[in-house]
Amino acid sequence: MGEVLGIGVFFLVAVGLMVPAIFMIRKQENAKKDEAEKYSAIYDGLFKHSEGLPLATGVMVQLFYGKEKITFKKDLQEISLELNRIIDIDTVFGKDAKGDAASGATAGAVIGGGLTGAAIGAMLATSTYLVITYEKDGEPAYILLDTAQTGLLANKIVKDFKANHQRGTAEIKL
């Protein structure tokens, strides 16, 4: 009888802990859905900021990819980029494409110039990044986001952009 009572108490405690947890998870899911609707997002997820936004390197940023713009959110900061300003969105497989950190640093110097470009190149050599190239003041600029936590999401964003928003051929005169 004591064992049955002990099992019953254990069951009641377990259910008592699970029910609030389930409600909290559902509340978080609804809040995430409401936020995605607020930004008219097709896709959304967390990325690690590496370069290009007025945010510290390494902070996690929520990205909302919509039909008209991309919104980056960090705490109370919202940064928007209209899709019609975006030249291209792609993923860069640094280790596969660059071979090692040294060659990545050389390539990064071409991308970003100087020490910043070398640091970016070194990161590109060991990680996979979502690269958003856009037009800023008539010149190309870029945003680098680490895809470690949301690699498949990055691929979906690239695929959607290329299918629905790709610009015509850009002419660059050197």
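Here are the numbers for the structure shown:
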quantity	calculated
Lys136, sole failed condition from (1) open to solvent by less than 10 Å² (accessible area, probe 1.4 Å); (2) out of contact with any strand residue (DSSP E or B) (no Cβ under 7 Å at 6 or more places or on another chain); (3) at pLDDT 90 or above	(1)
Residue match in the stretch 105-127 (condition: modelled with pLDDT of 75 or more and buried (at least 16 other Cβ atoms within 10 Å of the Cβ))	yes
Per-region count, the stretch 57-80, residues open to solvent by 10 Å² or more (accessible area, probe 1.4 Å) and either over 12 Å from Ser40 (Cα atoms) or among the aliphatic types (A, V, I, L, M) (or both)	13
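The values are calculated or read from the model by the stated rules, or taken from the named source; none is laboratory data. Note that this is a predicted model, so its numbers are computed, not measured. Virtual Cβ from ideal backbone geometry, glycine too; neighbours counted across all protein chains shown. Keep in mind that these areas ignore ligands, DNA and RNA; they rest on the heavy atoms of the full protein, side chains included. Shrake-Rupley method; radii C 1.70, N 1.55, O 1.52, S 1.80 Å.
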